[in-house]
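Below is one structure, written out as C-alpha cells, with a few remarks after it.
The values are calculated or read from the model by the stated rules, or taken from the named source; none is laboratory data. Computed from a predicted structure; not experimentally measured. Neighbour counts run over all protein chains shown; Cβ positions are idealised from the backbone, glycine included.
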Amino acid sequence: MREHTDGVAEYVARGEAMAAAEAERRAIMRTKKFDTIAVHGIYDAQAALANQGSIIEPGFMSSAQHFENSDHMEAALAYLMPAWVYSRIANPTVLYLEETLSLLEGYGFDGDVSTVATASGMAAVHMATNPFLQNPTAQTNIVVSARCYGGTFMLFSQRYGAERGIDVRWVCDPLDLDEWADKIDGDTRFVYGETPSNPSLSVMDIEAVAGIAHEAGLPLIIDSTVATPALLRPLNRGADIVVHSTTKSMTSSGLAIGGAVIARHGITTEIGPDEMRDNFAMYVKLLPFRDHGPGLSPFNALMTISDLRTLRHRMDSMSSSTMQVAQFLEGHDHVDRVAYPGIPSMAGHDIAARTMWLVDGADDYGSEVNRFGHLISFEVKGGVEAARNVFDGFQMIWRATDLGRIKSVATIPAISTHQQQGNAGRELASVPPNLIRLNVGGEHPNDIIADLEQALAVLEGSSLILPIRGSF
C-alpha cells in the first residue's frame, strides 16, 4: 500500500505537468491576433481530442468532479494541482471563458493576467473590491467616481457605507485629477472608476489616476464594461484590476448574465497576504470567491464564449452606427444635450480620442481608428414628461433596463437603473430625470435614426405633451 504523502506527491507532479501545458498554450495564444484569441481562447486541437473531438468548447454542466482516489482528492482540494472540484469554485467551461478574457484584456500587456468569472457584473464589482476592506477601522475609506452604474453606487453607498461604516468619498468630476488626489489619504483602501460610465458616458484619464493611486500605494480598479477590450484595455494604461459585466456587449445576444474580475499579477496594495498581491484573481477565486459563492453557471459561460468570438467586429460596426446616431441627436431641436465620448462637445473627448481605439483596426482600415462604443445618452428638452413621451413613442427600439444588446434598447435611468439612489444620489452621479440612455444595436443606423425621429416628433408643435404609447 502506498504511503499517503507519496500518493499526494504523485498528483502534485502530475499537476505541475498540467499547469506547464496550460502555460504553453497560453504563451502560444499570446502571439496571435485579437480575433484569433476571441475565436479559440486556449481550447486547441489537443484539448478537443480529450473531449471526443469537439471543436467547440464543451459545456460541463456537472456540479462536481470525480476523483481517481483519496490522494487525488486531497491534492485537488488543497489547491496543489489544477482541478475544478466543484462548480461553486471552478468549472472547465468557465475556465475556458476565464482564460479567453485574460488573453483579450491582457492583449498588448507585457505582464501576466488572470481572471475569475462571476455570476453577474455586480458580483464582479463586489469580489474586486471587498477583499480590500478586511479589518476596517473607523477611518477606512474608498475613493470612487460618482459617475457609475446604479448598482455599483448602491453597493458602495449602502452595503459598504451605511451597513459597514466605510467612508465612501465620491469624486464628482472624474476629469479633475486634483479631486482624486485630495480625497486619498493613509486610510484609503482602493480607487475605483468607470469609463466610459453608465449612463453619463463620462471618461477619465486612467494613466493619470493610476499614477495618483500608485503613489499612495493603492490599487486602481476600473469598470470597463461599456468599452470592452475591443476598444480599451485599462491594464495597458496602468490599472491594476478590471471588472466587466459580461452580460453586456460581450454577450450581446442577451442569453446570459455574468461578470469578470481581471487583474494583472503584482497589484499595488498593502492590504492582504502576498498571494493576494501576486495573483489577485486567483486568490479571490480560491478563497473569498469560494466562500461567498458567486459562481458563474457553465451554461452562461458557454453563451458568453460563443458571443465573444465576434466581439471586435460587433464593437466596430455598432460604434460606427452610434456615431451617426449621436450626430443626428446633437443636431435635433428637441434634444438639449448628447453624451457620447465620440463627439467633440463632450467633456473628456480628447481623452477618449487618445485612449479608445478599435483593437487591430489598422488591419482593416490601413491605420488606427477611434471607436467609442455603442452606448449613448441624451437629454430631452421639455423635462421629465417630454422624455417619457419620447421614450413611450419608440416603435422599434426596445424599452428595458438592459444594454450591450445586438438589438437597440433604451431606458430612463432616473426611473430604472438609478431609481434607488434618490434625487441627491442621481444629482451626484449626473443622472437628470429627462435623460434617455440608448444602446445602439446591430440594426441599420438609418432605421434606428428613423425610430428616434418619429418618437421625438411627438414634441412638435405642442406645449402640452399628452402621454402616448409606442408599440412593438
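What to note about this one:
- Assessment of the range 11-28 against the conditions (under 26 Å from ILE56 (Cβ atoms), within 23 Å of the chain's Cα centre (by Cα), in a helix (DSSP H, G or I) and not hydroxyl-bearing (Ser, Thr, Tyr)) yields at least one matching residue.
- Only one of ALA256, ALA230, ALA239, ALA260 that is touching a His at 6+ places or on another chain (Cβ under 8 Å) and not in a helix (DSSP H, G or I): ALA260
- Hey, TRP357 under 28 Å from LEU155 (Cα atoms), aromatic (Phe, Trp, Tyr) and in contact (Cβ under 8 Å) with a residue 24 or more places away in the chain or not: no
- You will find that of ILE449, ILE436, ILE406, the residue that is buried (at least 20 other Cβ atoms within 10 Å of the Cβ), touching a residue at least 24 places away in the same chain (Cβ under 8 Å) and β-branched (Val, Ile, Thr) is ILE436 and no other.
- Test: residue in the range 195-206 that is part of a loop (DSSP other than H, G, I, E, B), surrounded by fewer than 19 Cβ atoms within 10 Å (Cβ to Cβ), assigned by TED's automatic domain parsing to the domain that holds MET122 and not small (Gly, Ala, Ser): no
- Matching residues, the range 384-410, being in contact with a Leu (Cβ under 8 Å, 6 or more places away or on another chain) and either part of a helix (DSSP H, G or I) or among the polar types (S, T, N, Q) (or both): ALA386, ALA387, ASN389, VAL390, SER408
- Top-ranked residue of the range 63-90 - restricted to ones that are within 27 Å of the chain's Cα centre (by Cα) and not hydrophobic (A, V, I, L, M, F, W, C), ranked as surrounded by the fewest Cβ atoms within 10 Å (Cβ to Cβ): SER63
Matching residues to (1) under 22 Å from PRO229 (Cβ atoms); (2) modelled with pLDDT of 95 or more:
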site	(1), (2)
MET18	no, no
THR31	yes, yes
TYR43	yes, yes
PHE67	no, yes
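- Looking across the range 287-321 at every residue that is of a type in the set (A, V, I, L, M, F, W, C) and surrounded by fewer than 18 Cβ atoms within 10 Å (Cβ to Cβ), the one that is farthest from LEU104 (Cα to Cα) is identified as LEU287.
- Residue count for the range 424-464 satisfying the condition of being under 21 Å from the mean Cα position of the chain (by Cα), at pLDDT 95 or above and part of a loop (DSSP other than H, G, I, E, B): 3.
- The range 335-369: number of residues that are surrounded by 18 or more Cβ atoms within 10 Å (Cβ to Cβ) and of a type in the set (S, T, N, Q): 1
- Set VAL380, VAL390, VAL409: member being in contact with a strand residue (DSSP E or B) (Cβ under 9 Å, 6 or more places away or on another chain), under 20 Å from PRO196 (Cβ atoms) and at pLDDT 90 or above: VAL409
For (1) in the same structural domain as THR246 (by TED's automatic domain parsing); (2) touching a helix residue (DSSP H, G or I) at 6+ places or on another chain (Cβ under 6 Å); (3) over 18 Å from LEU232 (Cβ atoms); (4) hydroxyl-bearing (Ser, Thr, Tyr), each residue gets a yes or a no:
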| residue | (1), (2), (3), (4) |
| --- | --- |
| VAL113 | yes, yes, no, no |
| THR118 | yes, yes, yes, yes |
| ALA123 | yes, no, yes, no |
| ASN135 | yes, no, yes, no |
